[in-house]
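The values are calculated or read from the model by the stated rules, or taken from the named source; none is laboratory data. As the structure is a prediction and not an experimental result, all values here were calculated from the model. Neighbour counts run over all protein chains shown; Cβ positions are idealised from the backbone, glycine included. Ligands, DNA and RNA are excluded from the accessible area calculation, which covers all protein heavy atoms including side chains. Shrake-Rupley method; radii C 1.70, N 1.55, O 1.52, S 1.80 Å.
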Amino acid sequence: MASDTSGAASSAADLKLQFAPFSSALEAGFWHQLTQKKLDDYRLDESPKCIKGYYYNGDPVGLPTRLTLEFSAFDVDGPTPARCCPAIGTLYNTNTLDAFKTADKKALLEKEAKEIWDAIQSGAALKDPSILCRFILLTFADLKKYHFYYWFCFPALCFPEGIKIVQQPSVLEQVFSAKQIAALQEAYDGLCLRRETSAVPYFLMKYTDDTVQLAPLGDWDTFFTDTKKVTVGVYDPCTLSQHPGWPLRNLLVFLANRWGSKLDTVEVLCFRDRTLQGSRSIQHSVVFQVKLPDLPDNSVCPKSVGWEKNPKGAMGPRMVNLSECMDPKRLAESSVDLNLKLMRWRLVPTLDLDKVVNTKCLLLGAGTLGCNVARTLMGWGVRHITFVDNAKISYSNPVRQPLYEFEDCLGGGKSKAMAAVDRLTKIFPGVNSEGYNMSIPMPGHPVNFSQATLSQAQRDVEQLEKLISEHDVVFLLMDTRESRWLPTVIAANKRKLVVNAALGFDTFVVMRHGLKKPPVSPKVSAGADSSPSCSSASSSSSTPAGSVPSIPGSSLFSNIPGHKLGCYFCNDVVAPGDSTRDRTLDQQCTVSRPGLAMIAGALAVEMMVSILQHSEGGYAVASSSDDRMNEPPTSLGLVPHQIRGFLSRFDNVLPASLAFDKCTACSPIVLDHYEREGFHFLSKVFNSSHSFLEDLTGLTLLHQETQAAEIWDMSDDESI
Amino acid sequence: MSSCVLEEESFHRCCQLLLQQSQQLGDGWSWEPVQGSQEGYLRKTALRSVAIDPRPVRDQAGSSSDCGQEEEQSAPVASADADTIRSDAEDEDDEDEGVCAACDGGSQVLQYEYHVLFSCSYRTPVLYFRASTLEGRSLSLEEVWGSVHPNFRVRLQSSPLSTVTQQEHPLLGQPFFMLHPCRTEEFMRPVLQAAQDQHRPVNYVLTWLSVVGPVVGLDVPLQYSTQLHPAASVCMDPADDGPG
């Protein structure tokens, strides 16, 4: 293609004139406006539309010769940018890609060329020479994908034998004296002033050693008395020193058609006018002389060319994908990310957002806590959120559970897990959310009524195991204690970070479970630090009695590494069982102050984010209330084990406690049994009374041993 | 202190002076009024031929999570679909001999659009800009950083000017990049102070633009301050002159 041309050119030596074609240049605003026009105005109308572009002759060397279309292209009567020449074009916007592909490009080109030819023959081009510089734009706008297909054509009429160069192109300053150049510049500015414009596309020129005279094209007959040699000026957008730009091409055909027989040679000034660093120059304009060939038949429209090549240099259309800047979903995504990035720019430069955004979160429970946790996760840009819940939305839910609405309660209510996913996707289409409408088997809730219930429980366990494996963080947000047992065991086994939130009436606990060391490393026997776990703050309502060494709490419970931290069940001395049996309604339901779930849900997510920012993640040493004055371990601050909040006092404390070696969920013996026996072990837990786990872990024995000690403890500051 | 902020009225006067000078120097600034309001902004477009550094840039904002998309986006745009559409418009063998050979370097031509607006909350001028390819595809923040010369990048990213953020254009409502004004007063203060001490006139907007512009490829010719009558650049409101 291009190489062929240059080969041909060099063989024909320097005889034939060659032009630099236009490169189409579109501003983003053009596509925005085309989209608006298509949606509001054109709709299915495929008829040709008049649009306007412009070109400029002041580019620095090296830039391509451009025809630019911007936002204002559809306003044909609107102003053209200063010092630019307008070019009128015809827009063909097709309704389908197929119509775009099959459009008869040859016919379109010939139609446009015919109009130019008609303007040449009728003399209309003499009055308005801008008719000579036209374009066609064929488009198809795929507004589902925001892909825009387009193809420009800059119609040029051709001399069959090309145009012979009589005198090689030279830079103006080699041909003209400084005086002449100054006179030319002055004459051009004068012409612009007279024409009340800031750019004249074509003009006539006469000069002596001292003076330069310019006139509009229409003044030809009065301006030139001698037509042996005439000089024409063209506003030239090209920056190449050896070639003129495209606008000259049709002008030469026009001259040949109108005065060809009278003209001997034509001198052409490619007028280039640039301002660099505040100084204007026209010295680099180009001058050359050509001999215009005769047009074979002055009544027939000459052959025309002009479809633009694509970036690969092939004859074909172009496509631009603007989904990034036009697709509302993509815009929402980038806005969410940028909003978060603002934190880094100014407040927390070392914040690692990728860690947060890429964390896959499993939310067990899609009620008050689940809804609030999900919303805060979205705020942090977390993209992967999975819900597990077996409940349906009831009429009391929407006021406290911000992902649901009244409509969701109708007809028996939608499944919470599914409705939550729908709502998240509505709030932010970029989220990757899934819902699982399933039950989590619980200790003390037998599953062995029938083979069917047993195998259902087995499937539920397998599903939960799979989900926990596939996620990075597990949030325990259920409304019963015992439903947290199974995920605690599975997550401990799989070494997944667990964030647990639980509500009382006006108290809450948000905690991370101790993250067990990877199974390959020799197991640290919890017995080595076998002091029963106990909260360093007075908040724990279930301080286990036992042989607590009389060491001040602050030293014993400070600097606990993440793998030695306790879980939700470590502070309990009874195994989880059916807590809903023999309870009144107010005891069964979560009855808590309405603001509590929002506070606790938000804290659960913020705790997760802080943990993720710590270099050791879930193994981070637990910060305590005492660390509030110290240098924080992460860019976001402390990484506590627990946050216990008391709404009545508007107060939070940050206790930390060790894993309990007799814990019914995370003690080595429970995890060993689960690892070895799997569902067989789990089903025994589900089907048995709570004494099964208590016997297994040694809690029963502990109870018996501590019967006596309890009496003395009671008299202390703790009340049980 | 008070001398380091810019009142909206002074901003407009500074802009008018800058426009006058720009017209004399042919620097291409124009004033774009916003219909139905007193507001408006300075606007200039420029074309730059940039060698895009293909290496992924970790800008301050950069999260590697969107690198994948970025690369996909900045890949050559002609899709297979577009490729399959061929022309029968011109006979392929009948090549147009009137066309000169394309002289395309390895660099990419980018269209830049710069806007100078007044920020009421910071009481400083703010530089908004966007850049697009010749196809009209806007550049992402990563690509904008990619167009900054590597030698500058590190320095800029750790300087107060590095706070390039994406924001909705306050007057047009379209996504633009902006140089965040939070440090503007900080670096303008010494300049203004010195000018005030020496009773030297200074055009706040021009001086500020000459500092922030080059970061995003916007050159402010030296002629603004050398060729023109210095009196033409007085611009600080005397009412603002307080004891610094």
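Here B:Leu222 and B:Glu8 are evaluated by their C-beta separation; at R0 = 25 Å the FRET efficiency comes out at 0.35. Across region A:435-502, C-alpha contacts under 8 Å between residues 6 or more apart give a mean separation that, scaled by the residue count, equals a relative contact order of 35 percent.
Averaging 1/r over every pair of different alpha carbons in region A:23-160 and inverting the result gives a Kirkwood radius of 16.0 Å. Would you mind calculating the relative contact order of region A:173-299 from Cα pairs under 8 angstrom and at least 6 residues apart, reporting the percent as a whole number? For region A:173-299, the relative contact order is 22 percent. The share of alpha-carbon pairs in region A:89-218 lying farther apart than 17 Å comes to 72%.
A loss of 50 Å² or more of accessible area (1.4 Å probe, protein heavy atoms, ligands and nucleic acids excluded) relative to the isolated chain is seen in these residues of region A:93-108: A:Lys101, A:Lys106. Ordered by solvent-accessible area of protein heavy atoms (1.4 Å probe), largest first, the residues B:Glu142, B:Glu186, A:Glu677 come out as B:Glu186, A:Glu677, B:Glu142. Its Cα gyration tensor gives chain A an equivalent ellipsoid. The semi-axes, each the square root of 5 times an eigenvalue, are 84, 27, 21 Å from largest down.
Against chain A, whose longest principal axis is taken from its Cα atoms, helix A:699-714 shows a tilt of about 80°. Within the assembled protein chains, the solvent-accessible surface assigned to A:Ile116 is about 0 Å², based on a 1.4 Å probe.
Panel note: contact residues of region B:127-149 (accessible area lowered by at least 50 Å² against the chain on its own; 1.4 Å probe) correspond to B:Leu134, B:Glu135, B:Gly136.
Ignoring lysines fewer than eight residues from A:Lys309 along the same chain, the ones with Cα atoms less than 18 angstrom from its Cα are A:Lys101, A:Lys105, A:Lys106. Among the lysines of region A:173-299, pairs that are 8 or more positions apart or on different chains and have alpha carbons within less than 15 Å of each other number 8. Placing a pseudo-label 7 Å from each Cα along the Cα-to-Cβ vector at A:Arg43 and A:Leu347 gives an inter-label distance of 4.8 nm. With angles folded into 0 to 90 degrees, how steeply does helix A:594-613 sit against the dominant principal axis of chain A? Use alpha carbons for both and round to 10. For helix A:594-613, the angle is close to 70 degrees. The smallest convex shape that holds all Cα atoms of region A:173-299, its convex hull, gives 120 Å³ per residue. Counting only Cβ charges, +1 for Lys and Arg and -1 for Asp and Glu, the dipole size of region A:173-299 around its Cα centre is about 160 debye. Look at the dipole of region A:23-160 built from charges on Cβ: of A:Leu34, A:Leu97, A:Ala124, the Cα furthest out on the positive end belongs to A:Leu97. Computed with a 1.4 Å probe on the full set of protein chains, the accessible area for A:Arg481 sits at about 70 Å². Each Cα pair under 8 Å and six or more residues apart adds its separation to the average, and for region A:352-473 the resulting relative contact order is 27 percent. The dipole here belongs to region A:23-160: it is taken about the Cα centre, uses +1 on the Cβ of Lys and Arg and -1 on the Cβ of Asp and Glu, and is about 220 debye.
Pairs spanning more than 30 Å between alpha-carbon atoms, out of A:Lys52/A:Lys127; A:Lys329/A:Lys517; A:Lys466/A:Lys684; A:Lys114/A:Lys164; A:Lys355/A:Lys426: A:Lys329/A:Lys517.
Modelled this way, with points 7 Å down the Cα-to-C-beta line, the labels at A:Asp651 and A:Asn339 are 3.5 nm from one another. With angles folded into 0 to 90 degrees, how steeply does helix A:416-427 sit against the dominant principal axis of chain A? Use alpha carbons for both and round to 10. Helix A:416-427 sits at roughly 30 degrees to that axis.
Decide, for region A:79-157, between rounded, prolate and oblate: order the square roots of the alpha carbon gyration tensor eigenvalues as a ≥ b ≥ c, take rounded if a/c falls under 1.5, and otherwise choose prolate if a/b is larger than b/c, else oblate. Cα axes put region A:79-157 in the oblate bin. A Cβ-based charge dipole, computed about the Cα centre of chain A with Lys and Arg at +1 and Asp and Glu at -1, lands at about 1600 debye. Residues A:Val348, A:Val591, A:Val399 ordered from highest to lowest accessible area at a 1.4 Å probe: A:Val399, A:Val591, A:Val348.
Figure legend: label point modelled 7 angstrom from the Cα of A:Asp77 along Cα→Cβ; residues of region A:21-65 with amide N under 18 Å from it are A:49-53.
Ordered from largest to smallest accessible area (heavy atoms of protein chains, 1.4 Å probe), the residues A:Leu97, A:Leu353 come out as A:Leu97, A:Leu353. Note on A:His690: accessible area is roughly 90 Å² with a 1.4 Å probe, heavy atoms of protein only.
When chains A and B come together, the accessible area they lose, probed at 1.4 Å and totalled over both chains, is close to 5600 Å².
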